[in-house]
1. So which of GLU486, GLU494 is more than 17 Å from GLN438 (Cα to Cα) and either touching a Lys or Arg at 6+ places or on another chain (Cβ under 9 Å) or in contact (Cβ under 8 Å) with a residue 24 or more places away in the chain (or both)?
2. From the list TYR602, TYR589, TYR584, which residue is closer than 30 Å to SER453 by Cα and touching a Leu at 6+ places or on another chain (Cβ under 6 Å)?
3. Among the residues that make up the stretch 559-578, is at least one of them at pLDDT below 85, closer than 24 Å to GLN456 by Cα, of a type in the set (Lys, Arg) and not in a loop (DSSP other than H, G, I, E, B)?
4. Kindly check whether there is at least one residue in the stretch 357-375 that is closer than 30 Å to GLU458 by Cα, part of a helix (DSSP H, G or I) and either of a type in the set (S, T, N, Q) or not assigned by TED's automatic domain parsing to the domain that holds VAL459 (or both).
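The values are calculated or read from the model by the stated rules, or taken from the named source; none is laboratory data. Just so you know, these numbers come straight off a predicted model, no measurement behind them. FYI the Cβ positions are ideal-geometry reconstructions off the backbone, even for glycines, and counts take in every protein chain you see.
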Amino acid sequence: MCKKREESITLAIDRDKESQNALKWTVDNLVSKGQTVTLLHVKLKQSSSLPSGNKSSDDGAELFLPFRCFCARKDVLCQDVIVEDISAAKGILDFVQKNAVETLVLGASKMTLLRRFKAPDVSSTVIKRAPSFCTVYSISKGKISSMKSSTSSLPSSTMRQRVQTIKSNMNVERRQSTMQRTHDEIEIKSPFMRRGYEGTYQPSMMDSDISFVSSGRPSVDLMFPSFHDHAAVPHLSLISDYEENRISYATSCSSDKQSIDIGSSYAAFSSSSLGTGRQSCSLSRQDEMEAEMRRLKMELKYTMDMYNTACKEAISAKNAATELHKWKADKELKLEEVRLAKEAAMQMAESEKEKSRVVMETAMASHRIAEFEAQKRKHIETAKEKKRATSSLGKNDFRYRKYIIEEIEEATEDFSPSRKIGEGGYGPVYKGSLDYTQVAIKVLRPDAAQGRSQFQQEVEVLTCMRHPNMVLLLGACPEYGCLVYEYMANGSLEDCLFRRGNSPFLSWQLRFRIAAEIATGLHFLHQMKPEPLVHRDLKPGNILLDKHFVSKISDVGLARLVPPSVADTVTQYRMTSTAGTFCYIDPEYQQTGMLGTKSDIYSFGIMLLQILTAKPPMGLTHHVEKAIQNGKFVEMLDPIVPDWPVDEALVAAKLALKCAELRRKDRPDLGHAVLPELNRLRALAEEIKPSINFCRSHRPSPNTTMNRNHCHIQRPVATTSLYV
């Protein structure tokens with residue numbers, strides 16, 4: 001504490017908020033009670049042309065007023081200094097250098113966007129150029145924003161003496177100015193200076209001291225012991241006022257001593273008038289003394305009232321400080337509680353995080369075990385399927401005619417390109433003759449993916465069923481993957497719809513009948529016992545037409561038997577990978593892998609729209625639905641058919657849109673909703689009994705008579721035998 005009081009502390013102030021923060025920080029951290037702080041304000045020099053008056057001094061007093069009040073509340077003495085210079089930084093540095101200031105505190109300058117491109121601010125300049133013996137603090141918002149510590153002591157003892165001399169001179173000047181002000185405000189008239197008084201008077205200490213006025217009253221220090229430390233403030237010191245009055249009175253008396261001596265010489269010549277003058281002077285002096293005593297008593301009473309007011313303010317400030325300390329202690333206690341609660345919450349969070357990590361590791365381990373079990377189960381099922389396929393081939397050979405490869409080569413002329421009538425994902429298709437019957441031979445391509453499983457699947461499906469709308473399998477060569485089918489003279493439905501290879505066009509009566517036949521064959525697959533069969537690749541390319549335009553479903557190599565337990569509940573079965581042709585695959589089956597009988601209904605809906613419009617499947621449902629809404633459905637129908645029954649075609653189109661719904665549950669049932677409506681349309685077409693018009697460029701049959709543009713055919717009655 002002693003070291004702080006010996007140091008000279010100067011606070012550079014201005015009208016900004018940071019100066020007040022700097023003063024508060026200085027009082028809290030650098031200054032103790034009773035220590036003096038120099039308040040320095042730099043007044044910038046103005047142009048000589050501007051008028052100067054008392055306004056600057058009034059502004060200076062108004063500037064220092066809040067700082068003085070704060071210092072008085074904190075029991076800190078303050079000294080006001082105003083210097084003039086061309087810049088604030090230069091004035092502060094000159095004052096520090098001349099007065100050997102050891103500690104300088106100033107508020108930090110506000111950093112704005114414009115200031116970045118201007119000259120350095122005051123605080124940065126002062127810190128950069130301050131003398132080495134001065135410690136500089138830059139305060140921002142009550143905290144140190146930047147600081148420069150002293151690196152050397154004061155230059156010499158002479159500098160210290162000079163500083164002390166300057167400080168003492170400033171104190172003397174301030175005391176004299178205070179005495180002069182007191183003398184001007186309260187002028188004490190000496191009764192010994194009146195004219196007519198002859199003799200000399202030397203004032204003594206008892207004559208000039210007025211402490212005897214309050215000799216009968218109790219001491220103020222005993223009345224307010226707690227305020228004893230605060231009574232050292234110069235403006236509230238009663239003893240200082242009495243001392244100043246006494247000095248003023250003694251000065252006035254000594255200044256008129258010469259006139260009193262002259263009066264005493266005059267008394268030597270007029271001794272007769274001395275008695276009379278002395279008596280009147282004594283009466284007059286007594287009156288003046290009584291008046292002076294009354295005036296001094298009034299001044300003392302006024303001073304005591306001010307002192308009591310200051311004491312009350314000090315007590316209030318002390319109580320406020322006590323409340324503030326209590327509030328601070330409560331806040332610290334609450335902060336400690338919050339910190340402990342935060343630590344507990346963090347520990348709990350870490351514990352929960354560790355538990356979650358353990359659970360995640362356990363779940364991952366369980367997931368790995370489940371994947372391993374699934375793979376193991378998959379391998380077992382694959383092995384069982386292979387075993388079942390092998391045994392099935394051995395047991396079911398009697399269900400179909402088994403051909404040797406030599407017979408196949410002879411029928412296809414060693415797989416001659418001239419005998420090739422088609423190509424699919426399974427392999428090429430050749431036309432041949434076996435047992436005096438026209439047949440179609442499908443040959444497995446060696447590099448076909450999953451060709452062997454599709455071959456086995458198609459053999460198993462077609463050998464155990466017979467239906468008029470299912471293609472007939474005549475035999476097979478299992479060693480080389482060759483399948484022998486009945487020959488379909490009119491190719492596929494896709495070729496007829498898109499007029500490929502001069503295929504005949506189809507009338508609307510034929511189209512309604514073909515749609516009903518496809519639905520009948522599909523319903524037969526879905527009603528198989530004990531397990532329903534899902535085709536999974538229903539499209540116009542897999543619908544074949546014989547010479548009488550009877551449609552038959554082919555290519556069941558991708559068909560899947562749904563387990564009975566699943567078929568009895570939701571008729572869905574989850575597949576590990578989807579299969580089929582793009583634009584015909586059920587979207588829900590493609591996303592989830594859930595296979596069901598309604599997956600084929602979606603493919604049938606797209607195919608039914610193609611039968612009506614003869615357009616590609618991409619975006620077909622959207623175009624048809626939009627045309628129906630805009631009343632332009634007629635424009636969507638196949639223009640090659642001139643006599644469309646629009647109302648019946650619209651019914652078929654709406655039924656196809658229902659079948660092609662994205663959600664499986666929104667699609668109608670094939671046996672209860674779709675098939676009855678298509679049978680009604682087929683019956684309508686058979687009642688009209690029109691002639692069937694189609695165009696053909698080759699392969700005329702005995703029942704046809706060729707014309708220039710078209711051929712006329714009477715619709716034959718389709719008869720199909722059932723094989724067991």
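1. Working: GLU486 fails: more than 17 Å from GLN438 (Cα to Cα).
Answer to the check: GLU494.
2. Values: TYR602 fails: touching a Leu at 6+ places or on another chain (Cβ under 6 Å); TYR584 fails: touching a Leu at 6+ places or on another chain (Cβ under 6 Å).
None of the other options fit; the residue is TYR589.
3. Yes, the stretch 559-578 contains at least one residue that is at pLDDT below 85, closer than 24 Å to GLN456 by Cα, of a type in the set (Lys, Arg) and not in a loop (DSSP other than H, G, I, E, B).
4. Yes, the stretch 357-375 contains a residue that is closer than 30 Å to GLU458 by Cα, part of a helix (DSSP H, G or I) and either of a type in the set (S, T, N, Q) or not assigned by TED's automatic domain parsing to the domain that holds VAL459 (or both).
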